[in-house]
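Coordinate-derived values only; no laboratory data. These numbers come from a predicted model, not from an experiment. Note that we place each Cβ from the backbone using ideal geometry, even for glycine, and neighbour counts take in every protein chain shown.
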Amino acid sequence: MQSDLNETDSLLRLWAWILDHTNKLITAGVVALIIGLAIYAFFAFQEGKETQAAHALAEVQPPRTRDSQAPTDLAQRFLKVAEDHKGTRAGTLAT
């Protein structure tokens with residue numbers, strides 16, 4: 001019986017604290033949401049850069065058959081991908 005009263009008292013105090021600090025809690029929630037959206041946008045942008053770099057690298061590498069010879073400007077094309085897509089995995093692979 002005593003533990004029920006203590007639990008109820010604790011919940012009432014918690015509820016009173018929440019009501020007293022509603023504005024701070026809402027502000028903290030909005031700030032957390034903005035930070036979360038910024039982090040999401042950053043990683044989405046990075047993923048887009050990586051995808052573009054991977055496509056550029058795939059376009060540089062010609063399909064090879066037994067009879068085909070490597071293009072003479074292949075090194076130049078790899079260096080261009082490396083320069084255009086610095087900081088990406090494909091840019092690093094192109095060097």
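Taking 22 Å as R0, compute the FRET efficiency from the Cβ-Cβ separation of Tyr40 and Thr92 and round it to 0.05. Intermediate results must be reported in sequence, preceding the final value.
Numbers: r = 25 Å, r/R0 = 1.13.
About 0.30, to the nearest 0.05.
If one computes P(r) from the Cα atoms of the chain, what percent of pairs lie at distances over 20 Å?
Result: 65 percent of Cα pairs exceed 20 Å.
Give me the number: length gained by fully extending Ala28 to Ala16, i.e. 0.36 nm times residue separation minus the C-alpha to C-alpha distance, one decimal in nm. Don't skip to the answer; put the middle values down first.
Working: separation 12, 0.36 × 12 = 4.32 nm, distance 1.80 nm.
Extending this stretch completely gives an extra 2.5 nm.
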